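The values are calculated or read from the model by the stated rules, or taken from the named source; none is laboratory data. Please read these numbers as outputs of a predicted model, since none were measured by experiment. Methodologically, a virtual Cβ is constructed for each residue, glycine included, from the backbone with ideal geometry; neighbour enumeration extends over all protein chains shown.
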Amino acid sequence: MDEDVLTTLKILIIGESGVGKSSLLLRFTDDTFDPELAATIGVDFKVKTISVDGNKAKLAIWDTAGQERFRTLTPSYYRGAQGVILVYDVTRRDTFVKLDNWLNELETYCTRNDIVNMLVGNKIDKENREVDRNEGLKFARKHSMLFIEASAKTCDGVQCAFEELVEKIIQTPGLWESENQNKGVKLSHREEGQGGGACGGYCSVL
Amino acid sequence: MAADNEPESEVFEITDFTTASEWERFISKVEEVLNDWKLIGNSLGKPLEKGIFTSGTWEEKSDEISFADFKFSVTHHYLVQESTDKEGKELLEDVIPQSMQDLLCMNNDFPPRAHCLVRWYGLREFVVIAPAAHSDAVLSESKCNLLLSSVSIALGNTGCQVPLFVQIHHKWRRMYVGECQGPGVRTDFEMVHLRKVPNQYTHLSGLLDIFKSKIGCPLTPLPPVSIAIRFTYVLQDWQQYFWPQQPPDIDALVGGEVGGLEFGKLPFGACEDPISELHLATTWPHLTEGIIVDNDVYSDLDPIQAPHWSVRVRKAENPQCLLGDFVTEFFKICRRKESTDEILGRSAFEEEGKETADITHALSKLTEPASVPIHKLSVSNMVHTAKKKIRKHRGVEESPLNNDVLNTILLFLFPDAVSEKSLDGTASTDNNNPPSESEDYNLYNQFKSAPSDSLTYKLALCLCMINFYHGGLKGVAHLWQEFVLEMRFRWENNFLIPGLASGPPDLRCCLLHQKLQMLNCCIERKKARDEGKKTSASDVTNIYPGDAGKAGDQLVPDNLKETDKEKGEVGKSWDSWSDSEEEFFECLSDTEELKGNGQESGKKGGPKEMASLRPEGRLYQHGKLTLLHNGEPLYIPVTQEPAPMTEDLLEEQSEVLAKLGTSAEGAHLRARMQSACLLSDMESFKAANPGCSLEDFVRWYSPRDYIEEEVIDEKGNVVLKGELSARMKIPSNMWVEAWETAKPIPARRQRRLFDDTREAEKVLHYLAIQKPADLARHLLPCVIHAAVLKVKEEESLENISSVKKIIKQIISHSSKVLHFPNPEDKKLEEIIHQITNVEALIARARSLKAKFGTEKCEQEEEKEDLERFVSCLLEQPEVLVTGAGRGHAGRIIHKLFVNAQRAAAMTPPEEELKRMGSPEERRQNSVSDFPPPAGREFILRTTVPRPAPYSKALPQRMYSVLTKEDFRLAAPQVCPGRQLLPGAGIEANLQEKPTHSRHVEAAGRSPARIQLGCNGNNATKNP
Ligand SMILES: Nc1nc2c(ncn2[C@@H]2O[C@H](COP(=O)(O)OP(=O)(O)OP(=O)(O)O)[C@@H](O)[C@H]2O)c(=O)[nH]1
Ligand SMILES: [Mg+2]
């Protein structure tokens, strides 16, 4: 089954503790919601193969702990990531306010500048919403991110979020290829064929 | 034939190609290609704008066809034009083909750079059939004829009006014959190429004679012939400007006078003049016959008088450039296979019986007392000891670096070794960094190199320089060996490594840099531990608290400074709380005990009931929180710092974690593996807060998992009621489990999370086994980084906008290449090549500026003009000289020629300047101002009716070029073609084949012109 996999993509989920990162991931990989999910320690890891536009991609997803104390470990996982999902909890404004810090971290530790970022506002099934959809939208626009609201509990938007992200990564040239070819600068185009005289090319009289 | 692409013929024709000859197949393939490329019919483009051949874009399309097993390439060359109504591509009756009309267009005579067929015939579009292999050639006359008849047939069959050429003879001769067919008209493109020039063709009047007889005009008098002439003069001898750029005097650099910074400077510039020739083209674009005289004995064509001057410069091909060489040579090390040992002689690293390579051995040393620190460290000292060690194994004369050089380099790398106060480690934190926000400074980020003020970067430059000037690979190996010894020395003696930002390894830098940072982290921790040990051991009774605090400040990196806040004094002796010190996180004196439970000092704290324990390892009191059970203030504990990691370790770790798989057990194991830090924090917390509970811990550690709600109690009061979040309450989840296991132990007595000893030995081992090739790969990004900065710096002096753009491209290209773990050599080479090109470009600009004396120019406006002129020379193939010979630039060019002529004639150079008077004076002088032209080009044109006076007037053109080596006459013969009558064979055309070539043949050449054979005729009668 791995044979027709186009590529393996490394994706990272970050955000404040308790916003539902692990729940979103579990929903995506196992299509379940487990209220008995323990707070993540360090990083966790899941794999899923999905197909977008007929392209199969294997996703290696790293779920990081939002807990402050574990954060010293996580920067390493930013390395080589092609996509990052930044999650906040729409029912807790403080998790939205902290997004700036996360972006800072992202900027500091990401090894590539063409990484695709997605902002996810989670827990929209809950009633006591504190962050308006438009605010999320505005934030995402300001920082050129993809944006979606979701609920790990009701499954809203989860599949879609991951698919969008993968699609975007695949569309970004040079991001999913291990090497990006033909981007070289051509400096020595048509150097003078002086004296050679084999005239398939362009030349001056002398 | 060719039926396969003419659908209507299918109706009646049985397409039987079983008997088709190779030749027929060839023709049909040519037709197929012409059809595929949609070159059928006539589409008239816009009249050619002035200079469009140069300013426009030329493109080409190629295909390969074969004649039997001989491969030909067919190439369509065309000037890209905005798509004028393409749909109007139907056959325009009675309009002569574009290419014939273009013969008369004078807007693009003498293009500076063009395909020779464009230069000769003024074509905007044509197709060439040439042998595919470069060395192949169509030589025999019969083969040439066969090809040309194929062309003729294919054109006739398809109705293609684009000229179709065949390249014959050896490619270097640039011999092309071709044909163009239009309604009622055809052109035979023929040419003559001779090695020796017949005398009568060296001047205009002779050429006019040929032209006139060639066109065989029936009218008298002849219509006027328009003439365009260009003479090109070459200047090779630049006289007063001699180039040789001195390679930097390296001995002066290491002589001791010059500071280390000088040593880090990169060489720059071309070693030879990167501008080899100047070509001056003097043009008379529009003359009519009779206006000027140019014959055997006299010529009006004085270059000074020419209305147009244009100049091009010929650049030296791949001039040797210092910076480029410098980087290239370094890059070459990447391919060397030898290990340091092999280069320097066996076992250079085995000093005094120490096996550095053997970690276990090295580790055992740790149980011995730490070596006595040398308080005044000096480089010469270090070098001396290192030398001695090496000398044991090989004679000192073998040492590729002499002492002076080595000393200078080590001083440059380790400036702290000289300064008195260096030993307290301030060297590593001094902040003389360039503005760290600047784009240049942050380049390391993009290149994954190292900051330009870092040790790693400097090391890269030094190795580069050693490789270039001081014994190549051997020198590199030697310096590296010294460097590794120095690293070990610093580790063993607790001297921080200078030139590295403190804190954990910066993952944005190259791995080697991270390794050095890692080593520094280890040294920091070890130093802190040893200092702490010393203090407590040497002074059990007391020490001034402030001193202890200060010591901590210097020893401990920012993140450990918490200890400072404990405002400590010395507690019990070292032994009292440890018997195997390596196991523990730190050994700073305990402070809490004296403050709170001084009387208990000296007692060993055995495990007691939590609540009755005295608190230990408090950092500070949490603002408002109190413990839930006993209402004591909640203290934040001193915790262990997480282990610093280099990217390879992280990679390893994440691989291990990923390998655990995605099952529940896997996830559990993964969490457990990462819970060391959590457990340690819990223990610290318990130690600092006797009587605490998990709820207390969570309120500090993960506040969102403690949920508080306002509830109304039985008395009707609103009270806050808190509880753990659902996920924390899950029975036996990892958090609960860890909490239950955690014992109240302060951080300093816990097992170390980070084993600095082991990690340091790992780093040192890693460094020791790096071969020069590995090293070069590690450091190449730094070298490229430095080279780019150098090029940038040099460019800023010259301010060349095109170079600015190229540098930007190089940066973005390099950052893409260098970010991948193992960039391909080819890509690295390309980057280096690009840098070299830019260097050559800058060197060229400098050379030209010197030659044209832009600096000497006093008038501001003239200077600006001249500078613009010079920069155009660099960027454009050919530059028009404003004012021709009379303009400012023109006068300078004139002078350059005069000087060269004078030198060639050995005239005393003094009077020349005075002599620059009137043109008359100049003319009288025996030495002419210009050498004989290296190239003379003539284009003659007219329109005449042929063959009879009442026939349609057709364009006629003749191009001739005369250089030292050869003479070429390209004269398309435009004549009324066959009427497209059925049965009108090629033979008819053949009979019309003009006799114009008689002149040429009379001149004694072997004709390259083709006479069509009769087999061409047979072809048309193909079944
Ligand atoms: N109602 C609702 N609850 C959710 C949703 N997603 C997660 N939760 C709950 O929010 C709590 C935290 O979810 P987690 O997935 O563990 O959060 P996390 O972001 O992984 O937290 P850390 O691992 O500490 O970084 C859990 O109790 C989940 O049951 C959601 O979409 N709706
Ligand atoms: Mg989680």
Which of the residues that make up the range B:735-763 are at the interface with chain A (Cβ under 10 Å from one of its Cβ atoms) and surrounded by 19 or more Cβ atoms within 10 Å (Cβ to Cβ)?
-> B:Trp735, B:Ala738
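How many residues, within the range A:36-67, are within 16 Å of ligand 2 (Cβ to nearest atom) and of a type in the set (Gly, Ala, Ser)?
Looking only at the range A:36-67, we keep the residues that are within 16 Å of ligand 2 (Cβ to nearest atom), and these are A:36-46, A:61-67.
Narrowing the set further to residues that are of a type in the set (Gly, Ala, Ser) leaves A:38-39, A:42, A:65-66.
Qualifying residue count for the region: 5.
If you take the residues of the range A:44-58 that are surrounded by 15 or more Cβ atoms within 10 Å (Cβ to Cβ) and within 13 Å of chain B (Cβ to nearest Cβ), which of them is farthest from ligand 1 (Cβ to nearest atom)? Quick ask: steps written out before the conclusion?
Restricting attention to the range A:44-58, the residues satisfying the condition of being surrounded by 15 or more Cβ atoms within 10 Å (Cβ to Cβ) are A:44-46, A:48, A:50, A:52, A:55-58.
Those left that are additionally within 13 Å of chain B (Cβ to nearest Cβ): A:44-46, A:48, A:58.
Details: A:Asp44: 8, A:Phe45: 13, A:Lys46: 12, A:Lys48: 17, A:Lys58: 22 Å.
Top of the filtered list is A:Lys58.
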A:Trp62, sole failed condition from (1) buried (at least 21 other Cβ atoms within 10 Å of the Cβ); (2) over 23 Å from B:Pro505 (Cα atoms) = (2)
Return only the number of the condition from (1) in contact with a Pro (Cβ under 8 Å, 6 or more places away or on another chain); (2) surrounded by 24 or more Cβ atoms within 10 Å (Cβ to Cβ) that B:Lys171 does not satisfy.
-> (2)
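Condition check ((1) aliphatic (A, V, I, L, M); (2) closer than 16 Å to B:Ile745 by Cβ; (3) at pLDDT below 80) across all residues:
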| site | (1), (2), (3) |
| --- | --- |
| B:Glu600 | no, no, yes |
| B:Gly605 | no, yes, yes |
| B:Lys608 | no, yes, yes |
| B:Glu616 | no, yes, no |
| B:Tyr620 | no, no, no |
| B:Gly623 | no, no, no |
| B:Tyr635 | no, yes, no |
Among A:Ile41, A:Ile61, A:Ile115, A:Ile85, which is the only one that is within 10 Å of chain B (Cβ to nearest Cβ) and under 22 Å from A:Phe147 (Cβ atoms)?
-> A:Ile61
Considering residues that are β-branched (Val, Ile, Thr) and at pLDDT 85 or above, the number found within the range B:211-232 is 4
Checked the range B:794-846 for anything over 18 Å from B:Asp325 (Cβ atoms) and more than 13 Å from chain A (Cβ to nearest Cβ); matches are B:Glu795, B:Ser796, B:Leu797, B:Glu798, B:Asn799, B:Ile800, B:Ser801, B:Lys804, B:Ala845
If you take the residues of the range A:17-30 that are farther than 16 Å from B:Gly661 by Cα and more than 7 Å from ligand 1 (Cβ to nearest atom), which of them is nearest to the other protein chains (Cβ to nearest Cβ)?
-> A:Phe28
Out of the range B:278-290, which residues are modelled with pLDDT under 85 and more than 21 Å from B:Asn107 (Cα to Cα)?
-> B:Gly290
When A:Tyr77 is run through (1) within 11 Å of another protein chain (Cβ to nearest Cβ); (2) among the hydroxyl-bearing types (Ser, Thr, Tyr); (3) in contact (Cβ under 8 Å) with a residue 24 or more places away in the chain; (4) surrounded by fewer than 21 Cβ atoms within 10 Å (Cβ to Cβ), the failure sits at (4)
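Just one of A:Phe33, A:Phe96, A:Phe70 is of a type in the set (Phe, Trp, Tyr), farther than 22 Å from B:Leu507 by Cβ and either facing another protein chain (nearest Cβ under 8 Å) or more than 16 Å from ligand 2 (Cβ to nearest atom) (or both); which is it? Break it down stepwise before answering.
Values: A:Phe33 fails: either facing another protein chain (nearest Cβ under 8 Å) or more than 16 Å from ligand 2 (Cβ to nearest atom) (or both); A:Phe70 fails: farther than 22 Å from B:Leu507 by Cβ.
Selected residue: A:Phe96, the only one of A:Phe33, A:Phe96, A:Phe70 that is of a type in the set (Phe, Trp, Tyr), farther than 22 Å from B:Leu507 by Cβ and either facing another protein chain (nearest Cβ under 8 Å) or more than 16 Å from ligand 2 (Cβ to nearest atom) (or both).
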Got at least one residue in the range B:739-755 being within 13 Å of ligand 1 (Cβ to nearest atom) and out of contact with any His (no Cβ under 7 Å at 6 or more places or on another chain)?
-> no
Considering every residue within the range A:130-150, establish whether at least one is away from ligand 1 (no atom under 12 Å from the Cβ), under 20 Å from the mean Cα position of the chain (by Cα), within 14 Å of another protein chain (Cβ to nearest Cβ) and not aliphatic (A, V, I, L, M).
-> no
If you check B:Ala667 against the conditions, is it within 16 Å of ligand 1 (Cβ to nearest atom), in a helix (DSSP H, G or I), modelled with pLDDT of 85 or more and among the small types (Gly, Ala, Ser)?
-> yes
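Pick out the one residue from B:Glu655, B:Glu647 that is within 12 Å of chain A (Cβ to nearest Cβ), farther than 20 Å from B:Leu619 by Cα, away from ligand 1 (no atom under 15 Å from the Cβ) and surrounded by fewer than 18 Cβ atoms within 10 Å (Cβ to Cβ). First the steps, then the outcome.
Working: B:Glu647 fails: surrounded by fewer than 18 Cβ atoms within 10 Å (Cβ to Cβ).
Matching residue, one of B:Glu655, B:Glu647: B:Glu655.
Tell me which helices (runs of 4 or more DSSP H) are completely within the range B:95-161 and hold 2 or more residues being of a type in the set (A, V, I, L, M), or say none if there are none. Don't jump to the end; show me each part of the working.
Working: elements: B:98-102, B:116-121, B:141-158.
Correct list: B:116-121, B:141-158.
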What number goes with the only condition from (1) in contact with a strand residue (DSSP E or B) (Cβ under 9 Å, 6 or more places away or on another chain); (2) in contact (Cβ under 8 Å) with a residue 24 or more places away in the chain that B:Glu709 does not pass?
-> (2)
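Considering only the range A:73-90, I want to know if a residue exists there that is more than 15 Å from ligand 2 (Cβ to nearest atom) and in contact with a Gly (Cβ under 7 Å, 6 or more places away or on another chain).
yes
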